[in-house]
1. Of the accessible area of the chain, with the probe set at 1.4 angstrom, what percent is carbon plus sulfur?
2. For the range 66-72, in order, what is each residue's ³J(HN,Hα) by Karplus, 6.51 cos²θ - 1.76 cosθ + 1.60 with θ = phi - 60°, in whole Hz (x at glycine and Pro)?
3. With mean projected area of the Cα convex hull in nm² as the read-out, I listed (1) 13.4; (2) 10.4; (3) 11.9; which label goes with the value calculated from this structure?
4. Along the Cα-to-C-beta direction of HIS147, a point sits 7 Å from the Cα; which residues of the range 1-36 have their amide N less than 20 Å from that point?
5. Could you provide, to the nearest whole Å², the per residue accessible area of the chain with probe 1.4 Å?
6. Between ALA56 and GLN139, what is the FRET efficiency for a Förster distance of 30 Å, r being their Cβ-Cβ separation, to the nearest 0.05?
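The values are calculated or read from the model by the stated rules, or taken from the named source; none is laboratory data. Computed from a predicted structure; not experimentally measured. With ideal geometry, Cβ positions are generated from the backbone for all residues, glycine too; neighbour counts draw on all protein chains shown. Just the protein is used for accessible areas: all its heavy atoms, side chains included, with ligands, DNA and RNA removed. Shrake-Rupley method; radii C 1.70, N 1.55, O 1.52, S 1.80 Å.
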Amino acid sequence: MLSLPQVLAFVGAALLVTVAPGPDNLMVLSLGLARGRRAGLAFGAGCALGCLNHTALAALGVGALIAASPTAFTALRWAGGLYLVWIGVGALRASWRSPEGNAPRAVPPDPPRRLFFKGLAVNAINPKVVLFFLAFLPQFVDPLRGHAAGQVVQLGLAFTLQALLVFGAIGWFAGRVGERLQQRPGLTRGLDGIAGLVFVGLGLRLLVA
């Protein structure tokens, strides 16, 4: 088991990392504004639980193998980038409206369940998060306590829990604002477009990194 000072130091650092502006909370924020609370909460929960994948990779040492293999890292980076672009294009399509009475085009919004799995996939296949977990978690492992892999798993679970709370709060508050703004159809289309541009931009950034 982790010691109390170990947990407090780790959770404090993890909160600072999670709250700092980054791709994940930016995506949760933009999606909450564009689609409302349920969408923001679902996507945020998916992003947070995607950390479990990186925890497992770090504990098993697979993440180190991926980081050491340029081919594997590049393939994962391209998969993550293209997936983000694909989500962004879908949001941009949803923002388009037919000229007749500003009626929505036949592009149904994603249900919360699908958004959850999209958030899960976005985080789970992000190679930069793999590297982050490999660099971040071991700093809080106490060699004197033994069972390093077990400590990594516990730290990863703690990181996932606090990320779930932070992303949930971002998605909920952004969603509340978004739901009020959705009473204005023109503004709603603009928010969808902004969310799409955010996803496309992050995807292209990952592809050219």
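1. Ligands and nucleic acids excluded, carbon and sulfur reach 71 percent.
2. Values, residue by residue: 5, 5, 7, 9, x, 5, 5 Hz.
3. (3)
4. So the set is 1-11.
5. Each residue of the chain exposes 52 Å² on average to a 1.4 Å probe.
6. My answer for the efficiency is 0.95.
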